[in-house]
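Since every read-out is calculated from the coordinates, none of them should be taken as a lab result. On a predicted model such as this, the values are computed, not experimentally measured, just so you know. Don't worry about glycine lacking a Cβ; one is built from the backbone with ideal geometry, like all the others, and counts go over all protein chains shown.
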Amino acid sequence: MAKEIIKTQHPRERAFMVGVELHKQDNLLSLHDSLEELILLADTAGLDVVGSETQKRDKPHQKTFIGSGKVDEIKSLSGEVDAQIILFDDELSPRHQRELEKSFGEDIRVLDRTALILDIFAQHASTREGTLQVELAQYEYRLPRLTRAWTHLARQAGGGGGRTGSAGGVGLRGPGETQLEVDRRDIHRRIDHLKAELDKVRAHRQRHRTQRKRSRIPVVALVGYTNAGKSTLLNSLTASKVYVADQLFATLDPTTRRVELPDGKAVLFTDTVGFIQKLPTMLVAAFRATLEEIAEADLLLHVTDITHPNVFAQAEAVHQTLKEIEADHIPILTALNKIDNLDDPGAARHAMDEFPNAVAISALRKEGISDLLRAVQEQLFEMYTPLEVMLPYQEGKLISLFHNQGVVEVIEHGSTGVMIRGRIPGRLVAEFNAYLKQQR
């Protein structure tokens with residue numbers, strides 16, 4: 001009789017949280033709410049939070065971020081609960097990290113919020129593109145923090161794992177060259193390789209976007225705070241099976257599906273990575289190819305969890321990220337999701353007053369989906385701006401843009417250029433301002 005194979009699970013590591021409230025720092029969430037979110041992030045990463053400590057400061061301590069007295073206090077408190085990790089709710093500078101690691105000793109690991117999010121992304125990346133993006137972000141985060149304790153990082157970090165050596169592994173050490181210098185040089189080489197690979201991904205995506213524009217099928221990009229229900233909504237709209245889980249950053253890789261609107265017109269809905277407050281800068285940079293899907297969409301569908309106590313702060317975090325990736329000029333329709341979890345249905349109506357251009361829905365129960373699709377149809381096909389332009393022939397890109405993205409009603413070719421009268425999506429009007437002939 002064959003023996004039953006029993007899969008063993010590694011025990012979850014124990015983490016002690018540290019939150020710091022800095023004077024005059026403009027945070028979207030209160031310190032308490034930010035730490036509550038950090039607990040969810042820790043759980044998603046496979047950590048158990050066993051304690052926490054907070055501090056108010058005018059500014060970070062020059063050496064240890066929290067000051068030597070607080071370091072001693074946390075060292076004692078974390079020891080009482082057998083914590084293996086000290087987890088900070090802010091991104092630590094390389095110097096802060098080094099000094100804290102010295103202070104807490106070799107048996108304790110020091111992690112910050114950025115490292116935790118990068119670890120979650122590494123766990124959830126499932127495609128080659130996602131793996132490349134996460135690995136690049138991890139290397140760029142770790143490079144300035146490289147110490148003797150982090151030797152041979154180039155063969156350990158990120159989604160690339162053992163593949164790193166094949167990208168030009170550690171070379172022979174030169175005269176007087178330390179292992180640290182070898183590691184730094186090898187990581188720089190790996191970063192260059194990853195950027196080159198992602199440039200290929202970006203070019204591939206651009207070709208696909210160009211094809212979509214030629215087909216004149218509008219694109220709606222789903223955006224929102226992590227765990228707001230974007231993937232659930234895409235599944236409800238398209239009967240697809242995008243992975244859904246009640247955890248932060250359950251899906252990373254973009255998914256595009258074709259949807260038919262009530263009038264029979266087709267649109268493409270693209271689900272993208274969720275946002276979060278204090279989203280690491282290197283992640284935004286690494287996911288540039290993916291986030292360009294948002295920046296070139298015709299309409300943004302902002303999915304919010306209307307039941308969340310910090311829904312307005314979460315919405316502001318989304319808007320800040322959209323501004324960072326230069327997508328804040330695109331028209332936005334808001335989906336107030338999870339109304340099935342509201343005790344008071346009137347709360348949804350009140351929220352609609354707070355969020356302009358909003359529709360209340362339950363993606364899980366498919367409530368309000370027809371209203372949402374009608375609103376998308378109105379935004380895409382009934383809210384075009386009429387205009388008349390005189391475009392010189394050398395502005396071939398603008399002429400093509402009008403044909404591909406707009407509705408041409410009248411076109412007349414002259415000796416120096418072409419006159420086009422028609423309608424264009426509101427987000428593109430600024431492109432034609434210099435050649436505007438007459439606005440009707």
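Each residue of the stretch 13-69 gets 96 Å³ once the volume of the Cα convex hull is shared out per residue.
Distances between placed amide hydrogens fall under 5 Å for Val223 paired with Leu301, His302, Val303, all partners being 5 or more residues away or on another chain. Once you reduce the stretch 337-358 and the stretch 65-136 to the center of their Cα atoms, the two points are 38 Å from each other. In the calculated pair-distance distribution of the stretch 13-118, the portion above 22 angstrom amounts to 23 percent of the Cα-Cα pairs.
Taking θ as phi - 60° and the Karplus parameters 6.51, -1.76 and 1.60, the scalar couplings of the stretch 114-125 work out to 4, 4, 5, 5, 4, 5, 5, 4, 5, 5, 9, 5 Hz in sequence order, x denoting glycine and proline.
Figure legend: label point modelled 7 angstrom from the Cα of Val429 along Cα→Cβ; residues of the stretch 378-419 with amide N under 13 Å from it are 383-388.
Could you work out the Rg to Rh ratio of the stretch 385-438, with Rh taken as the Kirkwood radius (inverse of the mean 1/r over all Cα pairs)?
Rounded to two decimals, Rg over Rh is 0.90.
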